[in-house]
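This report concerns only the one structure given below.
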Amino acid sequence: MSVLIFIDQADGHVKKASLEALSYGAKIAEQTGTTAEGVVLGTTKDDLAALGKYGVKKIHHINKDTLDHFDAQAYTKAIARAVEASGATVVVFSNNVDGKAIAPRLSARLKAGLVAGAIALPDTSNGFVVKKTVFSGKAFANIAVATPIKIIALNPNAYAIKAGEGSAEVAALDATVEAPKTKVVSVNKVTGEVPLSEAEIVVSGGRGLKGPENWGLVEDLAHALHAATACSRPVADAHWRPHHEHVGQTGLAIAPNLYIAIGISGAIQHLAGVNRSKVIVVINKDPEAPFFKAADYGIVGDAFEVVPKITEAIKKLKG
Ligand SMILES: Cc1cc2nc3c(=O)[nH]c(=O)nc-3n(C[C@H](O)[C@H](O)[C@H](O)COP(=O)(O)OP(=O)(O)OC[C@H]3O[C@@H](n4cnc5c(N)ncnc54)[C@H](O)[C@@H]3O)c2cc1C
């Protein structure tokens with residue numbers, strides 16, 4: 001019996017979302033009186049033993065170069081092998097893009113109940129009940145999982161990273177990994193100061209900014225805060241900004257610590273992608289804009305006057 005955590009990597013480095021999953025999985029192990037183990041696939045540039053400080057005792061490393069590029073089918077089979085090797089009864093993923101592709105496949109393969117979008121530790125006082133968000137974050141559901149193996153995909157930024165002391169045993173795990181059925185022929189990377197999906201702070205612009213020529217306003221504020229930039233859908237549809245910056249129901253769902261929305265009305269489809277943000281600041285010249293209802297702080301004013309002043313003040317504060 002153990003809790004197995006999938007440790008997701010980008011370019012051979014462990015993602016921040018995986019550290020949250022590790023901390024979360026370690027806590028479940030403590031809660032259920034078992035141990036936490038991790039599984040890493042493919043080449044790594046990080047010191048895996050150091051992940052012990054997040055509470056994991058052992059890391060199973062399936063070091064095959066066929067796993068260097070993400071492939072949901074190959075990853076599912078490799079993780080199923082690690083579940084077998086560890087005897088895991090709980091498997092934890094981050095509910096990020098990779099987790100969303102693998103966890104359902106593993107669930108079908110192992111006939112294991114899956115809770116995707118978990119936001120809290122399971123309640124194990126009477127069975128195994130996990131709280132998750134539903135209806136684009138508008139409501140919660142408590143899901144009881146009764147299968148022998150339970151899979152949880154934890155929402156990014158829903159559980160704080162907890163680092164302590166310790167080192168993990170790293171063990172090579174052999175697994176038959178067939179060549180993936182698809183081949184990566186090229187990788188086009190988004191370059192930017194901060195990747196949107198992992199950003200602690202996001203500055204986002206909407207149609208209220210009038211045109212792409214005014215985006216310096218958003219970028220200057222983002223730069224001052226070391227934040228990522230995002231936008232509403234019509235902005236991406238109009239090619240003012242690239243589509244990978246579009247957040248919302250049909251775009252990326254994010255959960256930063258701070259989301260600053262400039263000239264965005266706050267339509268339900270936009271809120272669906274940002275309402276898990278810890279703090280929301282809205283800047284809009286219309287006091288009736290719906291976004292103010294979801295905001296923690298609101299500034300009623302013209303973005304072209306307000307935002308440069310905020311940027312200046314932040315620069316001054318940071319020296
Ligand atoms: C099926 C479906 C899926 C969708 N998915 C998404 C999605 O994923 N993401 C998304 O964003 N939208 C999505 N939409 C579109 C959504 O319904 C809204 O139309 C969109 O979010 C509005 O974008 P906006 O707020 O930038 O523009 P507007 O609604 O035009 O709002 C602009 C805002 O800027 C303010 N403003 C104007 N000038 C200034 C100024 N000088 N200073 C300050 N404020 C100013 C205005 O008061 C207004 O509130 C979807 C719609 C549908 C039907």
Practice problem: Tell me the strands (runs of 3 or more DSSP E) entirely within region 126-177 that contain at least 2 residues that are without any contact (Cβ under 8 Å) to a residue 12 or more places away in the chain and not β-branched (Val, Ile, Thr). | Solution: 139-144
Quiz item: Using beta carbons and a limit of 7 Å, which pairs, at least six apart or on different chains, have the first residue in region 295-306 and under 21 Å from Asn257 (Cβ atoms) and the second one in a helix (DSSP H, G or I) and within 11 Å of the ligand (Cβ to nearest atom)?
Solution: Gly298/Phe292; Ile299/Val306
Exercise. Test each condition in (1) out of contact with any Pro (no Cβ under 8 Å at 6 or more places or on another chain); (2) surrounded by 10 or more Cβ atoms within 10 Å (Cβ to Cβ) for Lys183 and report the one that comes out false.
Key: (2)
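So that you can scan it fast, the table gives a plain yes or no per residue for (1) polar (S, T, N, Q); (2) without any contact (Cβ under 8 Å) to a residue 60 or more places away in the chain; (3) within 18 Å of Thr176 (Cα to Cα):
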{"position": "Ile5", "(1), (2), (3)": "no, no, no"}
{"position": "Thr44", "(1), (2), (3)": "yes, yes, no"}
{"position": "Asp68", "(1), (2), (3)": "no, yes, yes"}
{"position": "Ile119", "(1), (2), (3)": "no, yes, no"}
Quiz item: Could you say which residue among Glu219, Glu178, Glu169 is more than 18 Å from the chain's Cα centre (by Cα), closer than 30 Å to His60 by Cα, acidic (Asp, Glu) and modelled with pLDDT of 95 or more?
Solution: Glu169
Quiz item: Out of region 213-237, which residues are surrounded by fewer than 14 Cβ atoms within 10 Å (Cβ to Cβ) and either within 23 Å of Arg276 (Cβ to Cβ) or in contact (Cβ under 8 Å) with a residue 24 or more places away in the chain (or both)?
Solution: His226
Quiz item: When region 202-229 is examined, which residues are found to be hydrophobic (A, V, I, L, M, F, W, C) and touching a Phe, Trp or Tyr at 6+ places or on another chain (Cβ under 8 Å)?
Solution: Val202, Leu209, Trp215, Leu217
Self-check item: Selection within region 115-139 - surrounded by 14 or more Cβ atoms within 10 Å (Cβ to Cβ) and farther than 15 Å from Val3 by Cβ
Solution: Ala116, Gly117, Ile119, Ala120, Asp123, Val129, Lys131, Lys132, Thr133, Ser136, Gly137
Quiz item: Gly263: surrounded by fewer than 17 Cβ atoms within 10 Å (Cβ to Cβ), in contact (Cβ under 8 Å) with a residue 24 or more places away in the chain, over 23 Å from the mean Cα position of the chain (by Cα) and more than 14 Å from Val194 (Cβ to Cβ), yes or no?
Solution: no
Quiz item: What are the residues in region 231-252 that are more than 9 Å from the ligand (Cβ to nearest atom) and in contact with a helix residue (DSSP H, G or I) (Cβ under 6 Å, 6 or more places away or on another chain), if any?
Solution: Trp240, Arg241, His243
Exercise. For region 77-90, indicate whether the set of residues that are in contact (Cβ under 8 Å) with a residue 40 or more places away in the chain and under 19 Å from the mean Cα position of the chain (by Cα) is non-empty.
Key: no
Practice problem: Can you give me the number of residues within region 266-288 that are among the charged types (D, E, K, R) and either surrounded by 24 or more Cβ atoms within 10 Å (Cβ to Cβ) or on the phi > 0 side of the Ramachandran plot (or both)? | Solution: 0
Self-check item: Of all residues making up region 301-313, the number that are touching a helix residue (DSSP H, G or I) at 6+ places or on another chain (Cβ under 8 Å) and within 9 Å of the ligand (Cβ to nearest atom)
Solution: 3
Practice problem: Check Ala172 against each of (1) surrounded by 13 or more Cβ atoms within 10 Å (Cβ to Cβ); (2) more than 22 Å from Ser232 (Cβ to Cβ); (3) not polar (S, T, N, Q) and name the one condition it does not meet. | Solution: (1)
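The values are calculated or read from the model by the stated rules, or taken from the named source; none is laboratory data. Quick caveat, the model's predicted, so the values are computed rather than measured. Glycine gets a Cβ as well: all are built from the backbone with ideal geometry, and neighbour counts include every protein chain shown.
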